[in-house]
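The values are calculated or read from the model by the stated rules, or taken from the named source; none is laboratory data. The structure displayed is predicted, hence computed values, not measured ones. Every residue, glycine among them, receives a Cβ derived from its backbone with ideal geometry; neighbour counts consider all protein chains shown.
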Amino acid sequence: MEYLNRDRIEQVSHESFQRQQPYPWVEIGEILTHEGHDLLRQTLPDASMFDRKVGVKRAFRQGYHDRYILHYHPSLDLAAPWKEFVAELHGKTYEALVRRMFGLGRGAHFVLTLEWYYAWQGCGVSPHCDARRKLGTHIFYFNTEADWDSSWGGRILIMDDGGRLKTHSAPAFDDLGIAASLDPRGNGSLLFQRTAHSWHGVRPLESPPGHLRKLFIVTINVPTIQVLWRRVRGKDPDGYPLNNPEMSRSIPA
């Protein structure tokens, strides 16, 4: 079976994406086939497989990004649907989407890294712009109205600094305008391009104990000096070892 909804993907407009303000972004509904989304939801990795990141210091005095995180490595013991989906992400349909949306020619190189993020009560994502090595990020949603109430928060905020803030700074939510507030539930996804002003974040969750906000993240990395240096040292673009499964969940250097 197929997981990516090819018809829907072909409908996504490069021109609309690039014209979007305050930076290129698009919410792609029905990104997966209905059957595919259901299968992936039912077979999500258990939280026991994840690293729990709490109070990890961030650069530029930005607030914490507390969460459970599982970084993909080929040795992971994943359910069959997830192995099949990961294979599709490295196939022609997804490659064509990335090249079209970001205007990449056939000779342009990029590297995908994959992670699952689960978050609990009190977790948030402080306003930030991603690292320069990231061309873009694609966030797939894996909660539904049945397991996540909108009153618990978790909306992804697309924020606007009016071009006045430095990327390497630590604004509060109230320092930025809200260009869009996206509900990450259902069979949908958010694709956005990294720029010097691509501020985004999530306010602290107000969910009851036992409920997790679940996302799957695809990062499109370009071969910057940092990425190439990490490769020389046997690491992927995120800084995780390429050939040591036992260390693939450690904190990147």
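Number of residues in segment 24-39 that are touching a residue at least 12 places away in the same chain (Cβ under 8 Å) and more than 16 Å from the chain's Cα centre (by Cα) equals 7. The residue that is farthest from Gly136 (Cα to Cα), among those in segment 96-120 that are touching a helix residue (DSSP H, G or I) at 6+ places or on another chain (Cβ under 9 Å) and surrounded by fewer than 16 Cβ atoms within 10 Å (Cβ to Cβ), is Arg106.
Filtering segment 79-100 to residues that are under 19 Å from the mean Cα position of the chain (by Cα) and part of a loop (DSSP other than H, G, I, E, B) leaves His90, Gly91. Among the residues of segment 77-104, write down those that are free of Cβ contacts under 8 Å to residues at least 60 places away in the same chain and either acidic (Asp, Glu) or over 29 Å from Val12 (Cβ atoms) (or both). Correct list: Asp77, Glu95. When residues in segment 219-241 are screened for being assigned to a strand (DSSP E or B) and either under 20 Å from Thr144 (Cα atoms) or free of Cβ contacts under 8 Å to residues at least 60 places away in the same chain (or both), 2 of them pass.
Screening Ile69 against (1) under 23 Å from Asp238 (Cα atoms); (2) modelled with pLDDT of 95 or more; (3) touching a helix residue (DSSP H, G or I) at 6+ places or on another chain (Cβ under 9 Å) leaves a single unmet condition, (3). Would you check which residues across segment 103-131 are more than 17 Å from Ile220 (Cα to Cα) and in a loop (DSSP other than H, G, I, E, B) and list them? Passing the criteria: Trp120, Gln121, Gly122, Cys123, Gly124. Of the residues screened, Leu205 is one that is in contact with a helix residue (DSSP H, G or I) (Cβ under 7 Å, 6 or more places away or on another chain), within 19 Å of Tyr117 (Cβ to Cβ), part of a loop (DSSP other than H, G, I, E, B) and at pLDDT 95 or above. Limited to segment 143-189, what total is found for residues that are under 23 Å from Gly63 (Cα atoms) and polar (S, T, N, Q)? Count: 4. Among the residues in segment 65-83, are any loosely packed, with under 12 Cβ neighbours inside 10 Å and in contact with a Pro (Cβ under 8 Å, 6 or more places away or on another chain)? There is at least one residue in segment 65-83 that is loosely packed, with under 12 Cβ neighbours inside 10 Å and in contact with a Pro (Cβ under 8 Å, 6 or more places away or on another chain).
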